[in-house]
1. May I ask you to list the residues in the stretch 47-56 that are free of Cβ contacts under 8 Å to residues at least 12 places away in the same chain and either more than 15 Å from ARG11 (Cβ to Cβ) or not in a helix (DSSP H, G or I) (or both)?
2. Restricting attention to the stretch 183-192, does a residue exist that is modelled with pLDDT under 95, touching a Ser or Thr at 6+ places or on another chain (Cβ under 7 Å) and more than 30 Å from THR63 (Cα to Cα)?
3. Just give me the residues in the stretch 134-150 being within 16 Å of PHE109 (Cα to Cα) and over 16 Å from the mean Cα position of the chain (by Cα), in sequence order.
4. Which one of these does SER89 not meet: (1) of a type in the set (Gly, Ala, Ser); (2) surrounded by 13 or more Cβ atoms within 10 Å (Cβ to Cβ); (3) more than 17 Å from the chain's Cα centre (by Cα)?
5. Taking the residues in the stretch 151-180 that are at pLDDT below 90 and surrounded by fewer than 14 Cβ atoms within 10 Å (Cβ to Cβ) as candidates, determine which candidate is farthest from the chain's Cα centre (by Cα).
6. All but one of (1) of a type outside the set (Asp, Glu); (2) surrounded by 15 or more Cβ atoms within 10 Å (Cβ to Cβ); (3) at pLDDT below 90; (4) out of contact with any Ser or Thr (no Cβ under 6 Å at 6 or more places or on another chain) hold for VAL96, so report the exception by its number.
7. Look at ILE117 and say whether it is at pLDDT 95 or above, under 20 Å from LEU7 (Cβ atoms) and in contact with a strand residue (DSSP E or B) (Cβ under 8 Å, 6 or more places away or on another chain).
Amino acid sequence: MRSDLQLLSLREQILEGSTKLFELNAQFKEFCCVRDEDVQTFIRDRAIRYERSGLSRTYFYVTDRETEETDVAAYFSVAITSVDYTRVSRARREKVLGSTPGRVNRDHFGGLLIAQIARDDRFNESVISGTELIEACEEIIELGRNYLGGRVIYLDCKEELISLYERRGYKLLLDSPFENGLYKMTKTLPRL
């Protein structure tokens, strides 16, 4: 990762006031990710609204803050979620959720969600890699976990990204995609 990148919290930027928000909105509108229109649409049109309503928290990397020309190089959003386990086998539930009595009998289970994660097309792996983005996202999740608890991280991804997340310890919840066409992956965090 380049040394001139800085990780910022959207929440903290919003709290700075309307001038900062106007600037951010303009920067977000320039974010480009042709590989995944959903992540592009989120940062351009929904991130600020979701942040204000408390549905998610977004963090983003910007380039050189010393000049007027700053660009959003990458971002990720995290949230709390509930996942439908009705199609998941009992054995798989136990692997993900543990063996706490009654836990595997529930049809829905909460956890921490990597809601969005993307790098702008103008920046390549030498600026910030996918692995670095995931690591930063997991660090934020761990900070939240210290205050709120939680043991399972969830994310949805396209089939071509499964191996990237598997290298980081994520596992498929099901071998087939969910209704949205995406694969749900999980990572069970260690107990204290």
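1. Step one: filter the stretch 47-56 for residues free of Cβ contacts under 8 Å to residues at least 12 places away in the same chain, giving 49, 53-54.
Within the stretch 47-56, GLY54 is the sole residue that qualifies.
2. No.
3. LEU148, GLY149
4. In the conditions (1) of a type in the set (Gly, Ala, Ser); (2) surrounded by 13 or more Cβ atoms within 10 Å (Cβ to Cβ); (3) more than 17 Å from the chain's Cα centre (by Cα), SER89 misses (2) alone.
5. So in the stretch 151-180, the residues at pLDDT below 90 come out as 151, 178-180.
Still in the running and surrounded by fewer than 14 Cβ atoms within 10 Å (Cβ to Cβ): 179-180.
On the way: GLU179: 20, ASN180: 17 Å.
Looking at the filtered set, the residue picked out is GLU179.
6. (4)
7. Numbers: at pLDDT 95 or above: yes; under 20 Å from LEU7 (Cβ atoms): yes; in contact with a strand residue (DSSP E or B) (Cβ under 8 Å, 6 or more places away or on another chain): yes.
For ILE117, the condition - at pLDDT 95 or above, under 20 Å from LEU7 (Cβ atoms) and in contact with a strand residue (DSSP E or B) (Cβ under 8 Å, 6 or more places away or on another chain) - is met.
The values are calculated or read from the model by the stated rules, or taken from the named source; none is laboratory data. What you are looking at is a predicted structure, and each value in this text was computed from that prediction instead of being measured. Virtual Cβ from ideal backbone geometry, glycine too; neighbours counted across all protein chains shown.
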